[in-house]
Amino acid sequence: MSVGLAPAADRLIVSTEADWNDAWYLVCMKVSTIGFVVVDARERVAAIDALRAAGIADISGYLDAHPAVADRLRHGMVILDVNEAAVRMFGAAGRADMIGQRTQRFFDPLCTAQVNSARAFAAGATAFQQQAHSVRLDGSRFETLFCVVPRADGATSGLWLASFVDITEHVQRQTSLNTLRDELAHVARISTLGELSASIAHEIGQPLSSIGMTAGAMLRLLDRDDLDRDLLRRQCQRIVDQVARAGDIIDRTRRMATKRDSVRTLVSVAEVLTESVQFVRHDLDRIDVRFSLACTGGDALVQADRIQLQQVFVNLLMNAIQVHRHARTTMPEIMIETSDHGASVVIDILDNGPGIDPGNAERLFDGFFTTRAEGLGLGLGICRTIVAAHGGSIEAGARSQAPGARFSVRLPLHRT
């Protein structure tokens, strides 16, 4: 079934404030610096009513399944009047350049704002707003906050009021802040890798040493008269396995060091934690830390940048290791525990060190604050920024009923 749009038989006309006879028209159209546009929405309302009359209850789902109908809804509003702010915003010479045009002329073809507003009103909403990709008359693009509401008697008059606020500068500033955040995160990763250089060298040295010893054994086997081909084959396979192991270490380190745009995918929290532990395994062993990882509540999935999450957990683990090293903790322990809290997963990193100095508790996540002479003071601040960008939170405190510190990372769970 396909339901189209029937053109309105008679065109609504709004030419003077007397046609409205109410104060809000004067305020919106004559005084406000916000761009206001009055539209004839009868075609759109009629199209949605036709869908309901055809027995379609889930209109949003129907529009998803029938993009052609959704596209026609974008064409279902005609501009009746605009204020001077809208004229300036869209680069028109005067009101006449916009009046009578269909609203989709002023939206980027890929912008979803108009269709989403149709979905919202079909579901019973009385107002709608969304960031929109708008288009001026000269074709240039800019960002707006688009809002639309039916007039109080819109059900009968078909008059809707839309507003546009130019937020291009705000979006550009936010983009710049995101770029700066990514730059700082990259600097922090490089700093962390510098601290892990001894661990990485040790980790990659193990497979290289094994390759060397195996190759030497193979040379000795080749000198024997009774050549054991099966043993030689096993030794070759051992070299292949150790090369793959060394390659994995190099690839993991390269991914952490590479400057890259944030890429979010569906990732397993347990896998990210396991990969993060691999970075610090040598440091754990070097000071004989008793380590445990307990993931409860199933395999939690989050929509996240895998490398950035690794950065968070590697940093928190390194902090715990350094606390033990400096405090010379007797029988040091580090534990990672995950738990499902409904819509979110909480990852706790706990240690049995001296705990957090109450005088520093409120400053831990401040930029450039550090309690270590060799520290940059970037780590925890970057951790908080990354977690917040993923819709989560991070907090620090004392362990309950045990000595030491607790860092808790809360992330929104992905639900299928």
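The values are calculated or read from the model by the stated rules, or taken from the named source; none is laboratory data. Since the model is a prediction, treat every value here as computed from it, not as a measurement. Positions of Cβ are backbone-derived with ideal geometry, glycine not excepted, and every protein chain shown enters the neighbour counts. Remember, those area values only see protein heavy atoms, side chains included, never the ligands or the DNA or RNA. Shrake-Rupley method; radii C 1.70, N 1.55, O 1.52, S 1.80 Å.
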Item to check | In the range 323-338, the residues that are surrounded by fewer than 22 Cβ atoms within 10 Å (Cβ to Cβ) and farther than 18 Å from S276 by Cα | outcome: R325, H326, A327, R328, T329, T330, M331
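Checking the structure you have, find out if any residue of the range 357-364 is outside any loop (DSSP other than H, G, I, E, B), under 25 Å from L293 (Cβ atoms) and modelled with pLDDT under 85. So that I can check it myself, show each step before the final result.
Taking the range 357-364 and keeping what is outside any loop (DSSP other than H, G, I, E, B), we get 361-363.
Applying the additional criterion that residues be under 25 Å from L293 (Cβ atoms) yields none.
Scanning the range 357-364 turns up no residue that is outside any loop (DSSP other than H, G, I, E, B), under 25 Å from L293 (Cβ atoms) and modelled with pLDDT under 85.
Listed here are the residues, each with its yes/no results for (1) of a type in the set (V, I, T); (2) touching a helix residue (DSSP H, G or I) at 6+ places or on another chain (Cβ under 7 Å); (3) closer than 14 Å to S163 by Cα; (4) surrounded by fewer than 20 Cβ atoms within 10 Å (Cβ to Cβ).
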| site | (1), (2), (3), (4) |
| --- | --- |
| R44 | no, yes, no, no |
| P67 | no, no, no, yes |
| N83 | no, yes, yes, no |
| F90 | no, yes, yes, no |
| D108 | no, no, no, yes |
| A127 | no, no, yes, yes |
Next on the checklist: Just the residues that are buried (at least 20 other Cβ atoms within 10 Å of the Cβ) and small (G, A, S), please, taken from the range 110-125.
Outcome noted: A113, S117, A118, A122
Next on the checklist: Need the failing condition index for V302 against (1) touching a Pro at 6+ places or on another chain (Cβ under 8 Å); (2) within 19 Å of G397 (Cα to Cα); (3) open to solvent by less than 10 Å² (accessible area, probe 1.4 Å), just the number.
Outcome noted: (2)
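Conditions tested, residue by residue: (1) at pLDDT 90 or above; (2) more than 16 Å from C383 (Cα to Cα).
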position	(1), (2)
F279	no, yes
D283	no, yes
D288	no, yes
A300	no, yes
I307	no, no
V312	no, no
A327	no, yes
H341	no, yes
D348	yes, no
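Could we say that A122 is modelled with pLDDT under 90 and aliphatic (A, V, I, L, M) here? Give the steps one after another, and end with the answer.
On the way: modelled with pLDDT under 90: yes; aliphatic (A, V, I, L, M): yes.
Yes; evaluated as a whole, the condition is true for this residue.
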Item to check | Residue in the range 397-416 that is nearest to V314 (Cα to Cα), counting only those that are open to solvent by less than 30 Å² (accessible area, probe 1.4 Å) and in contact with a Ser or Thr (Cβ under 7 Å, 6 or more places away or on another chain) | outcome: L411
Item to check | Leading residue by the ranking (nearest to N315 (Cα to Cα)) among those in the range 365-396 that are hydroxyl-bearing (S, T, Y) and at pLDDT 60 or above | outcome: T385
Item to check | Where A320 falls short, out of the listed (1) touching a helix residue (DSSP H, G or I) at 6+ places or on another chain (Cβ under 7 Å); (2) modelled with pLDDT of 80 or more; (3) buried (at least 22 other Cβ atoms within 10 Å of the Cβ) | outcome: (1)
